[in-house]
């Protein structure tokens, strides 16, 4: 089976994390998408966050950064998921690199028109509360269990100061 490299960036800010509504999947997801040819995963996840939310973000380190300038270092993902893609066309899987991120100081949301974003607190996720879509007549949808578990792992990691 063919596999594509993808990345996902859970964005944490002030005790909350950001989700966007994915109309094709009909679910809440963090920003993310496919890596471009020759693109490293950190560059890709930050690009995807900016494209989908307008936020200028940075990756929260989950591994040590060594005190040398060469060779270069790229922060590894928190984990890598193997997912069957729901995209139309040839069946394939995504090797999805999961990063925990935060907005850079002064960054502001400015999503593309039609993008539905919502911030969720750790408590809302821990309690499994559905997230409401603003302007959708009270429509609320729970966060998928895998997405919720990863977001909660990010909250725990950030509470410990980042690097594991």
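Looking only at the stretch 6-24, decide whether some residue is assigned to a loop (DSSP other than H, G, I, E, B) and farther than 24 Å from residue 110 by Cα. Taking every residue of the stretch 6-24 in turn, none turns out to be assigned to a loop (DSSP other than H, G, I, E, B) and farther than 24 Å from residue 110 by Cα. Annotation: residue 70 fulfils all but one of (1) under 27 Å from residue 133 (Cβ atoms); (2) out of contact with any helix residue (DSSP H, G or I) (no Cβ under 9 Å at 6 or more places or on another chain); the unmet one is (1). Restricting attention to the stretch 25-40, the residues that are touching a residue at least 40 places away in the same chain (Cβ under 8 Å), surrounded by fewer than 23 Cβ atoms within 10 Å (Cβ to Cβ) and not in a strand (DSSP E or B) total 2. Scanning the stretch 59-75 for residues that are out of contact with any strand residue (DSSP E or B) (no Cβ under 6 Å at 6 or more places or on another chain) and within 30 Å of residue 142 (Cβ to Cβ) yields one hit, 62.
To keep it simple, each residue is scored yes or no on (1) in contact with a helix residue (DSSP H, G or I) (Cβ under 8 Å, 6 or more places away or on another chain); (2) surrounded by fewer than 13 Cβ atoms within 10 Å (Cβ to Cβ); (3) within 19 Å of residue 5 (Cβ to Cβ); (4) modelled with pLDDT under 95.
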site: 82; (1), (2), (3), (4): no, yes, yes, no
site: 86; (1), (2), (3), (4): no, yes, yes, yes
site: 96; (1), (2), (3), (4): no, no, yes, no
site: 127; (1), (2), (3), (4): no, yes, no, no
site: 137; (1), (2), (3), (4): no, yes, no, yes
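The values are calculated or read from the model by the stated rules, or taken from the named source; none is laboratory data. Because the structure is a prediction, the values reported are computed rather than measured. No Cβ is skipped: glycine too gets one built from the backbone with ideal geometry, and neighbour counts run over all protein chains shown.
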